[in-house]
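Derivation of every value follows stated rules applied to the coordinates shown; laboratory data play no part. Note that the coordinates shown come from a computational prediction; the quantities given were computed from them, not determined experimentally. So basically every Cβ, Gly included, is an ideal-geometry build from the backbone, and we count neighbours across all protein chains shown.
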Amino acid sequence: MAFREVRVFEVREVLRLWLAGEGIRATERLVGFDRKTVRRYVEAAVGLGLVRDGGDGQLSDVFIGQVVEAVRPHRTDGHGAPWRLLQVHHGEIAGWVKEDLTAVKIHELLERRGVSVPCRTVQRYVADVLGRRRGRGSTVRVNDGEPGDELQVDFGRMGLVFDPATGRDRVVHALIFTACFSRHCFVWLTHRQTTDAVIVGCEAAWVFFGGVFRTLIPDNLSAVVEGADALEPRFNQAFVEYAQARGFLIDPARVRSPQDKPRVERQVQFVRGSFFAGETFIDLADAQCRAEAWCRERAGLRVHGTTQQRPAEVFAAEEAPRLLLAPTSLYDVPIYVTAKVHRDHHIEVARSLYSIPGALIGARVEVRADRTLVRIFHRGQLIKVHPRQEPGRRSTDPEDLPAAKTVYAMRDLDKLQRMAAEHGPNVGAYASALLDIPLPWTKMRQVYALLGLVKKWGADRVDMACASALAHEQVNVGLISRMLERGTEQATTPAPPAQPEVVVAGRFARDPVHFAIARTAEAGR
């Protein structure tokens, strides 16, 4: 089996179970990790200060990041030394597999030859490298468990129901919840089988039952289980966090193993035949309303063939008082994405942009976004939190951008003017004149060019050149550059010649009486 890095939410689940009083073996069974892996994370957390009576408040994002960093293995190929030792003896192991020896027997033979590796590693090597799988054996009837403990879940295809939004009939699936002890059931109808749909169905189930069951046993739904495996299933991160929020555990059935959830397996045919078949529904809302009534009356009050009792009555008497408290508010379903940090120091999440700190251009980060916050992780560490933005908007923290580019990227005109004024009052005034237009950010490059002249020629010379240009009302950075190159920034404008106090008539000037305006004035007298 290839090495799989344990993710943040899985580490949180291990530590949460440990804080709840579960032992290493119980945690191994509930989360599906090897007990040594569980022990490593627990010991690392205790070493970092985790105490058992401190509550879940200790499991902050920063603390989980420290635990991940303390335990993270450094393997180039995803396997440890025992796996590489088995590769050296691959020929012998392959021969034993052909002789139909079990992995346990192979482990014993290797031990006799001085090859010391864990038995579980031998089992994974035989299964993953040599492809040997054992068939299904006999099964036994599993005890129903304690009242209020287990709730089995399965999807079943019902048929077609008219959808007013699309104007056509659409396939409807039933998410069926069956209480193992009482056999009381709830049916949630949906057009989709996504994680959001399953969570919404669970929320409706808690309302119907009046509380939360302690253990949920689903099929290998892709909305719940991302990677199906008989021993180590990989859960969907969104659903695991939902389970953490509502306080129940997930114990999925194995692939193609209906005996792992027998209480709900036969219920699918019962729902399809007794509730859906032969009925006509207006739309999905009408079907859901009638499904809940069917669950309370027809299914809930029938005499069950196995228990010989009415499921609704058994549930009300023995299971309802033992359920966890029902949620009082709707669950905020988050989205999870893996995003790449682009050259502009931003990532895209749900058609919105968010800035990323540090030199992470080209790296991939994990993002959790709910209705209010967007939290960004890199290698298990929380690196940024942004407020959630609408599609098409962006959230940029100036501290995340390179210092030399922050002003331009944020179009911070005030700061740009202050930067220019630091090199002299006339430089600042000249920058203000450049930016004094209806679209000032279009002139930001000219202000940067002016600051470049300061760096090249010195602040004093540029300040004098700006003063001269302002006196002549010439706002042009190219003019300032030419003045500095020619050394004319200190040249003074010659004063205009003094005007004589006595006006001397011109030699050929005509007398005013010769003009028409003068004659007109005399005629008027």
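Indicate the gyration tensor shape class of the stretch 81-128 (rounded, prolate or oblate), computed on the Cα atoms with a ≥ b ≥ c the square roots of the eigenvalues: a/c under 1.5 is rounded; otherwise a/b larger than b/c is prolate and the rest oblate. Cα axes put the stretch 81-128 in the rounded bin. Distance from the C-alpha centroid of the stretch 439-480 to that of the stretch 251-326: 79 Å, rounded to the whole angstrom.
The shape of the stretch 8-71 can be summarised by an equivalent ellipsoid whose semi-axes, obtained from the alpha carbon gyration tensor, come to 16, 13, 10 Å from longest to shortest. How large is log10 I(q)/I(0) at q = 0.13 Å⁻¹ when the Debye formula is applied to the Cα atoms of the chain, each weighted equally and without solvent? Relative scattering, expressed as log10 I(q)/I(0), comes to -1.31.
The mean sequence distance of close C-alpha pairs (under 8 Å, at least 6 residues apart), as a share of the length of the chain, puts its relative contact order at 9 percent. Per-residue Cβ neighbour counts within 10 Å put 222, 116 in the sequence 116, 222, beginning with the fewest.
Rounded to the nearest 10 degrees, the inclination of helix 237-246 to the longest alpha-carbon principal axis of the chain is 70 degrees. The angle separating the long axis of helix 61-71 from the principal Cα axis of greatest extent in the chain is about 60 degrees. Here the 3J(HN,Hα) profile of the stretch 463-473, calculated from phi with Karplus coefficients 6.51, -1.76 and 1.60 at θ = phi - 60°, is 5, 5, 5, 5, 5, 5, 5, 5, 4, 9, 6 Hz, Gly and Pro shown as x. Shape annotation for the stretch 290-337: C-alpha extents along the principal axes are 48, 26, 19 Å, from largest to smallest.
Residue separation of residue 191 and residue 58 scaled by 0.36 nm, minus their Cα-Cα distance, works out to 43.9 nm of gained length.
Residues of the stretch 256-294 falling in the label zone of residue 162, defined by backbone nitrogen less than 20 Å from a point 7 Å along Cα to beta-carbon, are 276-291. Put in order of Cβ neighbour count within 10 Å, fewest first, the listed residues 35, 40 become 35, 40. Of the residues 9, 33, the one with the fewest other Cβ atoms within 10 Å heads the list, and the complete ranking is 9, 33. Near residue 249: Cβ cut-off under 11 Å, other residues only, Lys/Arg at +1 and Asp/Glu at -1. The net charge is -1.
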